[in-house]
Amino acid sequence: MKSLFSNGEQITVLSTLPLNFVTIVEAGSITRAADELDLAKSAVSQSLKKLEAQLGIKLAVRTTRHLSLTPAGERYYRRCKELLALAKQAATEMEAYGAIPSGPIKITAPHALIAPIIAPAIAKVMRQFPKLEPTVIADDARLDLIAEGIDLAISVGVLPVSNLRAQKVGSLRDILCVAPSLMAYAPRSDTPEFTKWVQGLPYIAHVREPSAVIHTIPTTDHMKTATLKFHPSFCCNTLDAIAACTREGLGVALLPDISVVQDIEDGSLVRLCEQLLPDPTPIHAVHTYDALVPRSVKEVIEAVRAALRGRAF
């Protein structure tokens, strides 16, 4: 295989050939890649052939409608994505030297935070720096920031051990919620029967919750608590879906205050027990930057922090 760092006709890590290759792979075909790159189909096809010739190995198998990668192509694609992410990081880090924030910034956060927190925070930053080009990925999963080229993740809950940089920007409290239709059958909350009734409700869980979910709730003797153990009746992969099922009276769910405040205010959901206040769940801003954090990332972090303060339940 020829060296990528030779002179002459050899490619460089940031030349158009690897960039075109990434676009071809992600578009899924030469035709769609040509549309995205605004190039002729023949030019895109030739760029792939030239890249394979210069590397001395087959990267993809092409048909009229589909493109599939060889094992070498899979590995080369992953490496190109890593290089592109590093190149983007190098460019955005220059903001730390005083540049006005502009250009792309990719942010990910759970679905439940997008409307009440992330959208207002980004709008605030955009009013100050209109040349920013945000991309927002709503995903309850913790994504690979480097592989996905993500500048900033807003993450809820205890963070796993990693080399990523994180700072706490706020917190939320979880509330056991049910629909008013279910509460119509509830015993009085100051009776022993109330705890038994709660225990017997179907539990709507997030897919990330354990198979046995345990909460505590006050008893009539306020010096003590009762342990409630739920086995999920069914699961959802987003908090919005869990809230929707709860509003329909399908069971009880533990939902963050920030995502159900409107439901509780308008009576679509009710707190199962007013006295139940689990420990706060931390919210962190997570990124890959070391000492030189881009100003755009800093501005979004501070805007998110302010939005969380303003939405305290």
If I filter segment 234-293 down to residues being of a type in the set (Ser, Thr, Tyr) and assigned to a helix (DSSP H, G or I), which single residue comes out as most open to solvent (accessible area, probe 1.4 Å)?
Ser259
Return the total of residues in segment 183-193 being hydroxyl-bearing (Ser, Thr, Tyr) and either open to solvent by less than 40 Å² (accessible area, probe 1.4 Å) or touching a Cys at 6+ places or on another chain (Cβ under 7 Å) (or both).
2
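Select from segment 266-313 the residues that are among the acidic types (Asp, Glu) and at pLDDT 90 or above and list them in ascending order. Even if it seems obvious, please write down each step before you answer.
To start, the set of residues in segment 266-313 that are among the acidic types (Asp, Glu) comprises 266, 274, 279, 290, 299, 302.
Hits for segment 266-313 are Asp266, Glu299, Glu302.
For every residue, the table says whether it meets (1) at pLDDT below 90; (2) under 19 Å from the mean Cα position of the chain (by Cα); (3) assigned to a strand (DSSP E or B).
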site: Val136; (1), (2), (3): no, yes, yes
site: Asp140; (1), (2), (3): yes, yes, no
site: Ala147; (1), (2), (3): yes, yes, no
site: Ile154; (1), (2), (3): no, yes, yes
site: Pro160; (1), (2), (3): yes, yes, no
site: Ala166; (1), (2), (3): no, yes, yes
site: Gly170; (1), (2), (3): no, yes, yes
site: Leu176; (1), (2), (3): yes, no, yes
site: Asp190; (1), (2), (3): yes, no, no
Filter segment 42-77 for residues that are without any contact (Cβ under 8 Å) to a residue 24 or more places away in the chain and under 14 Å from Ile30 (Cα atoms) and give the result.
Ser42, Ala43, Ser45, Gln46, Lys49, Val61, Thr63, Thr64, Ser68
Residues of segment 150-182 being touching a Gly at 6+ places or on another chain (Cβ under 9 Å) and open to solvent by less than 50 Å² (accessible area, probe 1.4 Å), in sequence order, are Val178, Ala179, Leu182
Scan segment 102-139 for residues that are crowded, with 21+ Cβ neighbours inside 10 Å and closer than 30 Å to Tyr76 by Cα and jot them down.
Ile105, Ile107, Thr108, Ala109
Consider Pro101 against the criteria (1) free of Cβ contacts under 8 Å to residues at least 24 places away in the same chain; (2) closer than 30 Å to Ile258 by Cβ; (3) in contact with a strand residue (DSSP E or B) (Cβ under 9 Å, 6 or more places away or on another chain): it satisfies all of them except one. Which criterion is unmet?
(1)
Matching residues in segment 14-41 (open to solvent by 80 Å² or more (accessible area, probe 1.4 Å) and either touching a residue at least 24 places away in the same chain (Cβ under 8 Å) or basic (Lys, Arg) (or both)) number 4
Is there any pair linking a residue in segment 201-212 that is under 22 Å from Ala184 (Cα atoms) to one that is outside any strand (DSSP E or B) and open to solvent by 50 Å² or more (accessible area, probe 1.4 Å), with Cβ under 7 Å and at least six apart or on different chains, and which?
Pro202/Leu250; Tyr203/His231; Ile204/Leu250
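The values are calculated or read from the model by the stated rules, or taken from the named source; none is laboratory data. For clarity, every value in this text was computed on a predicted model and none was experimentally measured. All Cβ positions, even for glycine, are placed from backbone atoms using ideal geometry, and neighbour counts span all protein chains on display. Heads up: the accessible areas ignore ligands, DNA and RNA and are worked out on the full protein's heavy atoms, side chains in. Shrake-Rupley method; radii C 1.70, N 1.55, O 1.52, S 1.80 Å.
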